[in-house]
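Notes follow the structure.
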Amino acid sequence: MHFFDYRGNRFYAEGVAVEKIASDVGTPCYVYSAKTLVRHYRAFDGAFSGVPHLVCYSAKANSNISVLNTLIKEGSGVDIVSGGELYRALKAGAEPKRIVYSGVGKREEEIEYAISKGILMFNVESPEELRLINRTAKRTGKRAPVAIRVNPDVDPKTHPYISTGLRQNKFGIESGQALKEYVYAKRYLKNLDLVGVDCHIGSQITQLSPFVDAMKKTGRLIATLRNEGIDIRYLDMGGGLGITYSEEAPPHPGKYGREVIREAEGLGVTLIFEPGRVIAGNAGILLARVLYTKENGGKRFVIIDAAMNDLARPSLYGSYHAIKAARKPKTGEEFEVDVVGPICESGDFLARSRELPPLKSGDLLAIMSTGAYGFTMSSNYNSRPRAAEVMVDGDEYSVVRERETYRDLVRGEKLKYST
Ligand code: LLP
């Protein structure tokens with residue numbers, strides 16, 4: 001459930017007409033709904049209210065510090081994958097003891113930064129990383145809390161680019177080898193605290209069975225580790241719960257919660273989750289204006305001022321985002337069109353063969369379900385300044401990231417011979 005809908009014939013973000021935002025701030029522009037973020041967070045967190053747990057919102061989905069802060073104020077921790085995300089999380093007010101750090105390629109300076117801030121744990125993805133974290137902790141006179149990210153070899157049945165828990169993926173360590181690494185670390189890597197087991201199998205998962213399979217495997221590993229005298233306190237199940245973009249019917253967080261709690265019974269761990277999309281995905285829209293319409297080879301094109309640099313998902317994954325006109329169409333008449341951006345590639349489309357009401361230059365559109373992996377995946381391709389970001393809360397809104405300027409585009413660049 002989200003708070004974007006028509007009131008009369010105008011499209012609103014909570015209590016603010018999107019036309020008002022577009023005329024004040026310009027387009028393209030991301031608009032986030034604070035109430036939707038909070039509602040989604042509470043639905044997810046509430047699903048685990050009966051058991052010890054920590055929800056660490058996954059910053060990669062949407063890392064605007066205002067989005068992070070909205071969730072942190074609700075009690076959320078943060079899942080990070082880089083020094084940059086750690087910086088943002090701290091700026092947004094996250095407590096280091098509620099931050100988990102995942103990712104296959106952490107650099108030494110990033111590891112040192114996270115150790116110095118005292119994060120809850122590193123989710124370690126390779127034997128070499130485990131040793132580097134130990135050395136870095138030792139060099140800085142600290143201990144580092146770690147979990148090993150186990151690759152459970154389950155098929156999350158999602159897009160191949162966002163499926164991470166299969167054996168052939170680059171993520172995590174196979175569970176047999178993970179066991180050996182825990183035993184080795186206990187014996188020799190004295191600056192590590194072996195506090196957790198971690199597992200993340202993919203994203204936009206719309207069935208429960210892959211999560212249950214992954215939990216069974218990690219549960220067995222935790223039991224074996226206990227026998228080895230390694231007392232695991234945290235089981236981090238990652239993120240991945242899917243959302244409705246179009247026709248998908250993913251399980252409600254409450255149902256996911258019940259299954260996960262059942263599987264975790266008797267493990268004696270605090271559960272950690274890293275949801276991103278399920279919190280932020282339907283809490284954001286992208287506003288864009290129609291620049292031109294035209295017909296080529298019998299095909300109708302609607303050219304808008306947002307492009308694949310603003311929203312990469314359709315081009316990259318062929319993903320579907322609903323499109324709404326800011327003014328409700330008067331008739332039910334629709335035409336099949338391709339909605340495309342100004343970028344010089346045929347892959348630059350926001351929607352293909354889509355039935356939409358008649359559109360003309362100047363019309364405002366809302367591209368739905370773009371709160372997760374929208375702005376965070378945007379780029380400056382074709383030297384397009386990145387979009388503004390706006391947060392609505394009730395009847396008010398604020399610009400939470402200004403639109404980039406041409407000057408921003410060349411920041412740090414130099415002519416070759418200038419000093
Ligand atoms: N934890 C880890 C270790 C992850 O790699 C991810 C996502 C998450 C948590 C959050 O997953 P979520 O709850 O959002 O599914 N750009 C793609 C999605 C990439 C997901 C990468 N990892 C997209 O636009 O669909």
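A few remarks follow.
A quick yes/no check of all residues on (1) among the aliphatic types (A, V, I, L, M); (2) within 22 Å of LEU271 (Cβ to Cβ); (3) open to solvent by less than 50 Å² (accessible area, probe 1.4 Å); (4) modelled with pLDDT of 95 or more:
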{"site": "SER66", "(1), (2), (3), (4)": "no, no, yes, yes"}
{"site": "LEU71", "(1), (2), (3), (4)": "yes, yes, yes, yes"}
{"site": "GLY84", "(1), (2), (3), (4)": "no, no, yes, yes"}
{"site": "ALA89", "(1), (2), (3), (4)": "yes, yes, yes, yes"}
{"site": "GLY93", "(1), (2), (3), (4)": "no, no, yes, yes"}
{"site": "SER102", "(1), (2), (3), (4)": "no, yes, yes, yes"}
{"site": "LYS106", "(1), (2), (3), (4)": "no, no, yes, yes"}
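- Filtered residues of the range 158-206 (kept if open to solvent by 80 Å² or more (accessible area, probe 1.4 Å) and within 16 Å of the ligand (Cβ to nearest atom)): PRO160, TYR161, LYS170
- Residue under evaluation THR27, criteria (1) out of contact with any Phe, Trp or Tyr (no Cβ under 6 Å at 6 or more places or on another chain); (2) open to solvent by less than 50 Å² (accessible area, probe 1.4 Å); (3) under 19 Å from ILE323 (Cα atoms); (4) assigned to a helix (DSSP H, G or I), criterion not met: (4)
- Verdict on ARG149 being within 19 Å of ILE232 (Cβ to Cβ), surrounded by fewer than 17 Cβ atoms within 10 Å (Cβ to Cβ) and not aromatic (Phe, Trp, Tyr): no
- When every residue of the range 301-316 is checked against the conditions, none turns out to be over 27 Å from PHE122 (Cβ atoms) and either modelled with pLDDT under 95 or not assigned by TED's automatic domain parsing to the domain that holds GLY362 (or both).
- Residue count for the range 313-349, restricted to those that are within 16 Å of the ligand (Cβ to nearest atom), assigned to a loop (DSSP other than H, G, I, E, B) and surrounded by fewer than 16 Cβ atoms within 10 Å (Cβ to Cβ): 3
- Subset of the range 233-259 [open to solvent by less than 10 Å² (accessible area, probe 1.4 Å), away from the ligand (no atom under 13 Å from the Cβ) and either over 21 Å from SER49 (Cα atoms) or touching a residue at least 60 places away in the same chain (Cβ under 8 Å) (or both)]: GLY257
- Counting only helices (runs of 4 or more DSSP H) that sit wholly inside the range 62-135, those with at least 1 residues that are touching a residue at least 12 places away in the same chain (Cβ under 8 Å) and in contact with a Pro (Cβ under 9 Å, 6 or more places away or on another chain) are 83-91, 108-117.
- Matching residues in the range 279-305 - criterion: being under 16 Å from PHE4 (Cα atoms) and either free of Cβ contacts under 8 Å to residues at least 12 places away in the same chain or in contact with a His (Cβ under 7 Å, 6 or more places away or on another chain) (or both): ILE279, ASN282, ALA283
- Restricting attention to the range 275-289 and to residues that are open to solvent by 10 Å² or more (accessible area, probe 1.4 Å) and of a type outside the set (Lys, Arg), the residue that is nearest to LEU311 (Cα to Cα) turns out to be ASN282.
- Hey, SER353 open to solvent by 50 Å² or more (accessible area, probe 1.4 Å) and part of a strand (DSSP E or B) or not: yes
The values are calculated or read from the model by the stated rules, or taken from the named source; none is laboratory data. This structure is a prediction, so every number in the text was calculated from the model and none was measured. Using ideal geometry, Cβ is built from the backbone for each residue, glycine included, and neighbour counts are taken over all protein chains shown. Heads up: the accessible areas ignore ligands, DNA and RNA and are worked out on the full protein's heavy atoms, side chains in. Shrake-Rupley method; radii C 1.70, N 1.55, O 1.52, S 1.80 Å.
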